[in-house]
Structures are given as C-alpha cells and as structure tokens.
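The values are calculated or read from the model by the stated rules, or taken from the named source; none is laboratory data. Here the structure is a predicted model, which is why all the values come from computation and not from measurement. Here the Cβ positions follow ideal geometry from the backbone for every residue, glycine too, while neighbour counts run over all protein chains shown. Calculation scope for accessible area: heavy atoms of the full protein, side chains included, ligands and nucleic acids excluded. Shrake-Rupley method; radii C 1.70, N 1.55, O 1.52, S 1.80 Å.
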Amino acid sequence: MELILKQDVQNLGFKDDVVTVKNGYGRNYLIPQGFAALATPSAKKVLAENLKQRAYKEAKIVDDAKKLAEALKALEIKITAKAGGEKLFGSITNIDIAAALEAAGQPIDRKFITSGVVKRTGKYAASVRLHREVIIELAYEIVAEK
C-alpha cells in the first residue's frame, strides 16, 4: 500500500515522503492516526506541485538548521548528577540533555535528541536531528555532583 506521510514517522520516513507499507499498518495505524493519506494519482500530482513551491523555502530552513548546528557544536554541555564514585544514582536520558541545552539558551525538543541511557560519569555523544538533512553529534559530559 502506498501512502503519503503527513508528518515525520520514526523509522519510516519524513513528511511528504511516498512510502510503501503493509496494508494493515497503513489502514489500522497510519491513516486513522492522521500520519498518512492514500497515495492516489491525483494526490501525487498535488504533492509534486506543493514540493516545487516549497523547494526555495526549504533552502532557507536548511541554512537556519546549519547555523543552529554550528552554535550547538560550540557549546560545552556539562550535566551534573548525583553519583557514588563513577556510577550515577539514576540515569541521564535525552530529557536531561534537552534541559541542559535549554539552560544554555538553545531549546531543542527532546524527541529530536537520540542518546542511550547513560548510567556512568564521563564524556558521551548524542545525535541531534535539526532537519532531515542536518544531523549532528553533540558532545556532552556527565560530572558527579559535589
């Protein structure tokens, strides 16, 4: 079944992509949730026209995302957490990284940050998706609270 995505879907595609999925996944999840619409020939023509009109706007958005990426790379993120030796009491997730970025003046939604669950102090890297074409590795350090 061919569908046109109305918004980004994790592990499937980005907004306005034409994707092929199994019938049940499309009929029972994507279409009822409003994530996709059927890719009929007329819908494909409308999509092509919209993509043409949006192409020049997209260039500006990509440039803004690249500028934000440079600003994020210049930041030095340190997250303090309670720890016993090197082991943390609890864990550090993308929520904590998003909070640290917001405190540094660069608010990024947590769903665009991908990092594993970290349970030790040290230096780590998280992947931040600012745009479908702009993905950066953000270095951060976890230090023990004194």
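In table form, for the structure just shown:
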item: Residue-averaged 222 nm ellipticity for the chain, from DSSP H runs of 4+ at -39500 (n - 2.57), nearest 500; result: -10500 deg cm²/dmol
item: Apportionment of accessible area to carbon and sulfur, the chain, percent (1.4 Å); result: 52 percent
item: Local electrostatic count at M1 - Lys and Arg +1, Asp and Glu -1, tallied over other residues with Cβ under 10 Å; result: +1
item: Separation of alpha-carbon centers, the stretch 94-139 and the stretch 1-52, rounded to whole Å; result: 28 Å
item: Computed E for E102/L12 - FRET, C-beta separation, R0 30 angstrom, nearest 0.05; result: 0.60
item: Exceeding the 25 Å Cα-Cα cut-off - candidates K111/K146; K123/K146; K67/K87; K44/K66; result: K111/K146; K67/K87; K44/K66
item: Amide proton proximity set for D8, modelled H, under 5 Å, gap of 5+; result: K15
item: Computed FRET value (nearest 0.05) for E49 with M1, which takes r as the C-beta separation and R₀ as 30 Å; result: 0.85
item: Length-normalised contact order of the chain in % [C-alpha pairs under 8 Å, at least 6 apart]; result: 19 percent
item: Accessible surface, the stretch 35-83, averaged per residue in Å² (probe 1.4 Å); result: 71 Å²
item: Relative packing of peptides 137-145, 53-61, 80-88, 124-132 - highest average C-beta neighbours within 10 Å first; result: 124-132, 137-145, 80-88, 53-61
item: With all protein chains modelled, accessible area of D16 [1.4 Å, Å²]; result: 30 Å²
item: Cα→Cβ-extended label distance, 7 Å offset, between K73 and T40, nm; result: 4.7 nm
item: Global form of the stretch 27-105, assessed from the alpha-carbon gyration tensor, a/c cut-off 1.5; result: oblate
item: The chain, dipole about Cα centre (Lys/Arg Cβ +1, Asp/Glu Cβ -1), debye to the nearest 20; result: 260 debye
